[in-house]
Each structure stands twice: as C-alpha cells, then as structure tokens.
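Asks: I have a structure I would like to understand better, so I am pasting it below and will then ask my questions one at a time.
Values quoted throughout were computed directly from the atomic coordinates according to the rules given, and no laboratory measurement underlies them. Model, not experiment: these values are computed from the prediction. Every residue, glycine among them, receives a Cβ derived from its backbone with ideal geometry; neighbour counts consider all protein chains shown.
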Amino acid sequence: MPCITVSNLFLSGLCSEFDEELYKMDSTVRKVLLSSLSQQRLRDLSEFLLRLVKGNFQSKITELKQAQYWTALAYVEPGKAAKQLTRTLAQLLQQPNLTQWF
C-alpha cells in the first residue's frame, strides 16, 4: 500500500489524531469502509498492518502494538491468532491480580 494512501486517509477528516502520530477513526465510519472492501483487499490491508507492526511501530500505549498485531493476524491467519490469544489469556489467568483486567 503506498505511503501516500495512508497519509491521505489520516489527513482526510475521516481520522483524528489522539496521540502523537496516532490516529483513530470513528467506529461507524470504520465499519462502513471495511464492509465495502473485498476479502482480498481486507487481506492486503491486514498484511500491511502486520508488516507495520513487525517493523518500526512505536507507541507510548504499550498494549496498542499487540492489539494491532492480533487484529491483523485474525484476518491473515485466524487459527494462529486464536492460539496466541488463548495462550496469552491462559497466562494472564494464572496471575494473582485479576483486577487489573477490569
């Protein structure tokens, strides 16, 4: 996906900056846009996000990278995503302080 495409989207008014160099899109707008994409385009977008996350993805929000990774992986390799989520949840359930989840 060309970098200019991503830049154009961020600057289009469909996204708003919520942290330094981090943008969000209204969930209703995101659903409408995603529903208009073909399965192949969704896969391409997910693969782009995976490459981004595995590369130079930086954020002050520590959980954001992991969440973006699992979101993209769920489209590209749903079985692998499910196994990783299951493993991580099992590890978290073994921690003594479950209140941190809520």
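Asks: Just order 42-53, 74-85, 21-32 by mean Cβ neighbour count inside 10 Å, highest at the front, would you?
Replies: Those peptides, ordered most packed to least, come out 42-53, 74-85, 21-32.
Asks: Also, I was wondering about something else. For Lys31 and Leu52 in the same chain, what is the full-extension length gain: residue separation times 0.36 nm, less their Cα-Cα distance, in nm?
Replies: Contour length minus the Cα-Cα distance gives 5.4 nm.
Asks: Using only Cα atoms, tell me the angle between helix 62-76 and the longest principal axis of the chain; keep it within 0 to 90° and round to the nearest 10.
Replies: 70
Asks: Let me ask another. Calculated FRET efficiency, Thr62 and Ser12, Cβ-Cβ r, R0 25 Å, to nearest 0.05?
Replies: 0.30
Asks: Hey, any idea what Rg/Rh is for the chain, computing Rh the Kirkwood way over Cα pairs?
Replies: Looking at the chain, the ratio lands at 1.00.
Asks: Would you work out the Kirkwood radius for region 16-74? I mean one over the mean of 1/r across all pairs of different Cα atoms, in Å.
Replies: 12.5
Asks: May I pose another question? Excluding residues on the same chain fewer than 8 positions from Lys65, give the aspartates and glutamates whose Cα lies under 16 Å from its Cα.
Replies: Candidates past the 8-residue exclusion: Asp19, Glu20, Glu21, Glu47.
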